[in-house]
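Report on one structure; see the data block that follows.
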Amino acid sequence: MLSSDLARLAVPSDPQISPDGTRVAFVVSRPDIEQDRYHRTIWVWDGDSAKTFTHGPADANPRWSPDGESLAFLRGGDTPDQVPQAAVIPARGGEARILTDIPLGCEELEWSPNGSNLGVVGITYTDEWADLDEAERKRRPRRVTDVPFRFDNLGWIHDRKAHVWLVNVDGDTEPRCLTNGPYDERFITWRPDGSTIAFYTDRSSRRAFEDGSDLFEVDIKTGDQWRMAERGSWSFPTFRPDGTLHAVGDPVPGSWPILTSVWRLDGKPVDLTGHLDRNVYSMTLGVAPRGPQWHGGSFFSVIEDEGRVGVISVHEDGAVDHLVDGDRSVNGVTVDASGRRLALIVSDPTDPGEVYLWEDGKETCLTDLNEEFRSEVPLVKPEHFHVVSGGIEVDAWAFVPPGEESVPVLLNIHGGPASQYGWGFFDEFQILAGAGYAVVACNPRGSTGRGLDHARAVVGDGWGVVDAEDVTNAIEEALRRYPRLDVDRIGVMGGSYGGFLTAWLIARDHRYRSAVVERALLSFISFAGTSDIGATFPKMYAGVDLMEDPDVLWQKSPMAFADQIQTPTLILHSENDFRCPIEQAEQLFMILKRQEVDAEFLRFPGEGHELSRSGKPKHRQERFDAILDWQARQLTSAE
């Protein structure tokens, strides 16, 4: 696979099965390199074949009406200023009607149970900024009075709010904001009787410094709001059909890292999936739709397990059925009214994804979106192996290019750390393998997919210790298993937390001839004051915050040991990264250049922390080209 092959990918997402189970709507996203944007359309499988249903270029979030006769969705425009608005279209085809004109657009929508209204999350400017033109908004100084005031992938948030809106589908009344106020609301869901909308919010007066979240409900007639459960670490509220509230998360605020469970919240919280010791929401794939999907008293959910993402059903009596498993990843599931059919998005390491229908245990592929890509682009199937490290078992994978010759090897480290590599399609591994590199990846302690103890092993004294041990053991085991891997040509690379661990390793272990440090956490000291999560993340993992013990934070930061780095290092960072702000990269680059280490710094304008996954197509391709160029210069010979 070449970097230019990105433009050939068709990525399906957000599968929505119709109430009667005869149709499936889903989103298809294609990178458009020439226009430097993604072209997103809604497709529908009609029981016979899958076809494009909307023309795009920025359609998303399809939702069937309760009677199956209409499809609501979000429609964006050709340019960034044409923000997404709620739209509805007849399910048998026709012209879409735009229902909203909310100044900063809509993020999500859900049908009311009777099909007469939509609940919508709409974004509007606060009063100070609402009546200004764009030139004045760019010119005016920003008076910041609260934290957080900016957030990665969202940009500035102090001048806008996300609220719950009620939108009449027939247009008989104007869209009405139900939750106007100083807070943000997201992840909406209707109570089954249609009287209220529940949502996620954070009503703490110290919300940047006090981790946790709240579940509230708003009456659609009166606008009255009330708290639905004690504050915890909640997201994705849902109602069982009898009106019992459930949510994904944990009842303890600030308990991260945790394994996400589904909890019943009709009194004392009851954990329905914690005994599985696995995440029921994939932190890696960003599953859509999110949260449990109900049928009667049972629900369907994805589940992470040792690099896989499958589907389970959980019954009222607590019994759990594993419906979809195997060496692959499911990043979307919905259920029809009968409970017998599921719509799925499924991918594996050599398949970017297709839409499937699961019916009574039988799976049928409904699409061939990537058939041409799979048949024409050579892809490498990984080998899975286990590493025993520190007395525990670690999952690892090796992508070894075909042939007999010796090949350079790249150790890749994922971000999070609470995420996982595994059995989904990852364009980066295929492009690196296509360029002639063996890729080794693993899920060290700190990752998900192996239970709570595994995920929490890096907290406190384990940070930079047990995870470094695991990835080192993984590369050593790969060198032992695969003789073609050249021990004299090893590179290491990673992004975010993976960038932290890359920089941490090369300060201590000089076997690596090349490094790529991307969007990394490098200094907890400055991160604590500049990151959008800096007020809470250091405490979660290092065990202290900046005011409690800055010396501990410094000793857990790669910058404290950067003077020991000798490895040639490419630093990649985005200028609008608010998760790991670019000052992190600037500090490392300055130290490396001062020490005359071979180092380069590539800055991407206008991009955030998610560049490698959802950045502009040209930047994603240029990022790949820069990595390949750097690795070729550093790893082409054994001298």
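Residues that are in contact (Cβ under 8 Å) with a residue 24 or more places away in the chain, of a type in the set (Gly, Ala, Ser) and within 29 Å of PHE624 (Cα to Cα) occur at least once in region 524-537. Every condition in (1) closer than 25 Å to THR41 by Cα; (2) over 28 Å from the mean Cα position of the chain (by Cα); (3) of a type in the set (S, T, N, Q) is met by ASN114 except one, and the failing one is (1). If you scan region 271-296, which residues turn out to be surrounded by fewer than 15 Cβ atoms within 10 Å (Cβ to Cβ) and farther than 26 Å from PHE73 by Cβ? Passing the criteria: ASP271, HIS275, GLY296. When GLY498, GLY494 are screened for being part of a strand (DSSP E or B) and closer than 30 Å to SER213 by Cβ, only GLY494 passes. Each residue in region 336-356 was checked for being under 26 Å from ARG30 (Cα atoms) and either hydrophobic (A, V, I, L, M, F, W, C) or in contact (Cβ under 8 Å) with a residue 60 or more places away in the chain (or both), and 14 pass.
For every residue, the table says whether it meets (1) of a type in the set (D, E, K, R); (2) crowded, with 22+ Cβ neighbours inside 10 Å; (3) modelled with pLDDT of 95 or more.
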residue: GLY94; (1), (2), (3): no, no, no
residue: ARG97; (1), (2), (3): yes, no, yes
residue: LEU104; (1), (2), (3): no, no, yes
residue: LEU109; (1), (2), (3): no, yes, yes
residue: PRO113; (1), (2), (3): no, no, yes
residue: SER116; (1), (2), (3): no, no, yes
residue: VAL121; (1), (2), (3): no, yes, yes
residue: THR124; (1), (2), (3): no, no, yes
residue: GLU128; (1), (2), (3): yes, no, no
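Of the helices (runs of 4 or more DSSP H) entirely within region 416-491, those holding at least 3 residues that are among the aliphatic types (A, V, I, L, M), out of contact with any helix residue (DSSP H, G or I) (no Cβ under 6 Å at 6 or more places or on another chain) and in contact (Cβ under 8 Å) with a residue 12 or more places away in the chain occupy 466-481. Helices (runs of 4 or more DSSP H) fully within region 577-639 that include at least 3 residues being within 18 Å of GLY494 (Cα to Cα) and at pLDDT 95 or above: 583-594, 617-635. Residue count for region 180-205 satisfying the condition of being assigned to a loop (DSSP other than H, G, I, E, B), under 30 Å from ASP577 (Cβ atoms) and among the polar types (S, T, N, Q): 2. Checked against the criteria, LEU611 counts as buried (at least 20 other Cβ atoms within 10 Å of the Cβ), within 20 Å of the chain's Cα centre (by Cα), within 25 Å of ALA438 (Cα to Cα) and touching a residue at least 24 places away in the same chain (Cβ under 8 Å).
Taking into account only those residues within region 389-405 that are touching a helix residue (DSSP H, G or I) at 6+ places or on another chain (Cβ under 8 Å) and of a type outside the set (Phe, Trp, Tyr), which is farthest from ARG450 (Cα to Cα)? Looking at the filtered set, the residue picked out is PRO401. In region 332-412, counting only strands (runs of 3 or more DSSP E) that sit wholly within it, the ones holding 2 or more residues that are more than 30 Å from ARG511 (Cα to Cα) and either in contact with a strand residue (DSSP E or B) (Cβ under 6 Å, 6 or more places away or on another chain) or not small (Gly, Ala, Ser) (or both) span 341-348, 351-359, 362-365. Against the list (1) closer than 16 Å to PHE500 by Cα; (2) surrounded by fewer than 21 Cβ atoms within 10 Å (Cβ to Cβ); (3) more than 25 Å from the chain's Cα centre (by Cα), the condition LEU546 fails is (1).
The values are calculated or read from the model by the stated rules, or taken from the named source; none is laboratory data. Quick caveat, the model's predicted, so the values are computed rather than measured. All Cβ positions, even for glycine, are placed from backbone atoms using ideal geometry, and neighbour counts span all protein chains on display.
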